[in-house]
Number of protein chains: 2
Amino acid sequence: MAKLQQLDRNSVVPLHYQIQQRLLALIQAGEFEAGQPLPPIQEIAARLSVSHMTARQAIKALCDLGVIYSKQGVGTFISGIKLEKNFRQVLSFSEEMESRGSRPSSRVLSFKVRRPTASVIETLRLQPNEEVVELKRVRSANSLPMGIECSTIPLRLCPDLPTTFDPRGSLYRELADHYGMNMAVADEIVEIGLAGSKEAGLLKISKGSPVFLFTRTSYIQNGQPVEFVRATYRGDKYKIVSRLTRIDRSLLTLTANRQ
Amino acid sequence: MAKLQQLDRNSVVPLHYQIQQRLLALIQAGEFEAGQPLPPIQEIAARLSVSHMTARQAIKALCDLGVIYSKQGVGTFISGIKLEKNFRQVLSFSEEMESRGSRPSSRVLSFKVRRPTASVIETLRLQPNEEVVELKRVRSANSLPMGIECSTIPLRLCPDLPTTFDPRGSLYRELADHYGMNMAVADEIVEIGLAGSKEAGLLKISKGSPVFLFTRTSYIQNGQPVEFVRATYRGDKYKIVSRLTRIDRSLLTLTANRQ
DNA sequence: AAGTGGTCTAGACCACTCG
DNA sequence: GAGTGGTCTAGACCACTTG
């Protein structure tokens, strides 16, 4: 039934990934209706002249994404859950605003090398006497001030940042492009606070207005903490949109059951 | 080097999953230090007398969890990122409080079958004239009121709920045990609001205090929305702790690039 | 019994990194 | 060149669901 394009066997892109893309494109184009079964794995494999395992690898990945789900002995079905790209991930302010269709901008409050506070030393796992780069900015979306961010990064990891980076640009992009550091995971705490007079002035809200207080630590793949952020966002204009998924509890309880 | 236990080949538990568990247990027990390489896949496969593919399947799963990471041509390494179980997932209030070590309790404000509002009809994809079960509760942790939750569920999906469910217990547990519905995904919006006099009284805070406003829709695996929740949590006692991960952008931009 | 997804194998080959 | 992870195959077998 479906128009599954043939694969490019000379491409550097792995076959299983090509299949994944082809299927996802068909699903998003509405070729399959929600709740309807996909063609059986065997059929997909035969049609594309790949092995069962390769086809299954693609199916597995799409299951992990949540766009389809498999029932053993029955089939594979389209999930009604849409794959949204607007959910919270490890995103810089710039990326987040761009993905929401807003134009991000920044006003730099300060950009300097300094000695870290004790709590920063601990979260960023710094050596004694190590210095950090600190960047304070007011972030705006479509020229409307949304929040104040203060990022702290170990100088050791990006020694040229203070001289080569234009602090009005995207910090994440700079860290990725010049230092090969891509954020993989971020731990985040969100609390409610009240704007002080200084913050209120910067955000153009009245003193005492409720605000979101973010505390975030970002890590690259090897677990090295790279960035510590304290941020304040307007309570009246900012909201958090996220998608939560359920992960396999059995692995998490391993530690508890061991002893 | 490592003490990899032999596998149980008669178990119903798949070999790749057994390997995954064994490795995770060793990692969490501190047998490997952060940054150190795991034994090569070939060696793991040989030691456990499984094929390369099977061993790799286990490695892949652990990479997805973020506890290890692979560098092609180099090896597989322990990530310094800990696998925490306290992060936000699709959790009921009961589960969330239990995972934080607090004792959850509930005071039922109302529990009834009613006609849904227009916005609920849309989010829960209800038929015209379909009824819903509505449960309003004050949720407490260690007897301290933390929030007010109002859950709405299609009556069609749980026709016996009004007569068989004790509304002081865990709604998620009831839905899972009696109706086989396990929440797979939840979409959530968090905003800041101010407590009205009624809410303030229930939460024992002063009127006008800032509060978290949650709007959440939970889905089971096939994409069917099962629960719509509006909740208000105290801004002074509640905080959101979450872990964000970065997902493959190339798949998300598929739609944008198409046409 | 037939059809489905899930697991596993034994081996081949490739791409990458490092000394 | 040696060692590593990543891909892929062809086929076997199992577990599960449905008619």
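Scanning region B:12-26 for residues that are among the hydrophobic types (A, V, I, L, M, F, W, C) and either under 17 Å from B:Val74 (Cα atoms) or more than 14 Å from DNA strand D (Cβ to nearest atom) (or both) yields B:Leu24, B:Ala25, B:Leu26.
Filtered by the rule that a residue be surrounded by fewer than 19 Cβ atoms within 10 Å (Cβ to Cβ) and touching a Gly at 6+ places or on another chain (Cβ under 7 Å), region B:153-202 gives a lone residue, B:Leu194. The sole residue among B:Leu135, B:Leu171, B:Leu109 that is at pLDDT below 95 and in the same structural domain as B:Asn222 (by TED's automatic domain parsing) is B:Leu171. All of (1) within 16 Å of DNA strand C (Cβ to nearest atom); (2) not hydroxyl-bearing (Ser, Thr, Tyr); (3) not in a loop (DSSP other than H, G, I, E, B) hold for A:Cys150 with one exception: (1).
Can B:Ile19 be described as over 26 Å from the mean Cα position of the chain (by Cα) and either at pLDDT below 85 or within 16 Å of DNA strand C (Cβ to nearest atom) (or both)? For B:Ile19, the condition - over 26 Å from the mean Cα position of the chain (by Cα) and either at pLDDT below 85 or within 16 Å of DNA strand C (Cβ to nearest atom) (or both) - is not met. Quick check: anything in region B:205-223 assigned by TED's automatic domain parsing to the domain that holds B:Ser106, in a loop (DSSP other than H, G, I, E, B) and in contact (Cβ under 8 Å) with a residue 40 or more places away in the chain? Among the residues of region B:205-223, not one is assigned by TED's automatic domain parsing to the domain that holds B:Ser106, in a loop (DSSP other than H, G, I, E, B) and in contact (Cβ under 8 Å) with a residue 40 or more places away in the chain, which makes the answer no.
When we screen A:Thr76, A:Thr163 for residues that are of a type in the set (Val, Ile, Thr) and in a helix (DSSP H, G or I), the only hit is A:Thr163.
The set of residues in region A:177-235 that are hydrophobic (A, V, I, L, M, F, W, C) and more than 11 Å from chain B (Cβ to nearest Cβ) comprises A:Met181, A:Ala200, A:Leu202, A:Leu203, A:Ile205, A:Val226, A:Phe228, A:Val229, A:Ala231. So is B:Arg125 touching a Ser or Thr at 6+ places or on another chain (Cβ under 9 Å), closer than 29 Å to B:Ile240 by Cβ and surrounded by fewer than 18 Cβ atoms within 10 Å (Cβ to Cβ) or not? It is false that B:Arg125 is touching a Ser or Thr at 6+ places or on another chain (Cβ under 9 Å), closer than 29 Å to B:Ile240 by Cβ and surrounded by fewer than 18 Cβ atoms within 10 Å (Cβ to Cβ).
Within region A:40-73, the only residue that satisfies the criterion of being modelled with pLDDT of 95 or more, more than 12 Å from chain B (Cβ to nearest Cβ), part of a loop (DSSP other than H, G, I, E, B) and within 12 Å of DNA strand C (Cβ to nearest atom) is A:Pro40.
The values are calculated or read from the model by the stated rules, or taken from the named source; none is laboratory data. Values in this document were obtained by computation on a predicted structure and should not be read as measured data. Please note: Cβ atoms are built from the backbone with ideal geometry, for glycine as well, and neighbour counts cover all protein chains shown.
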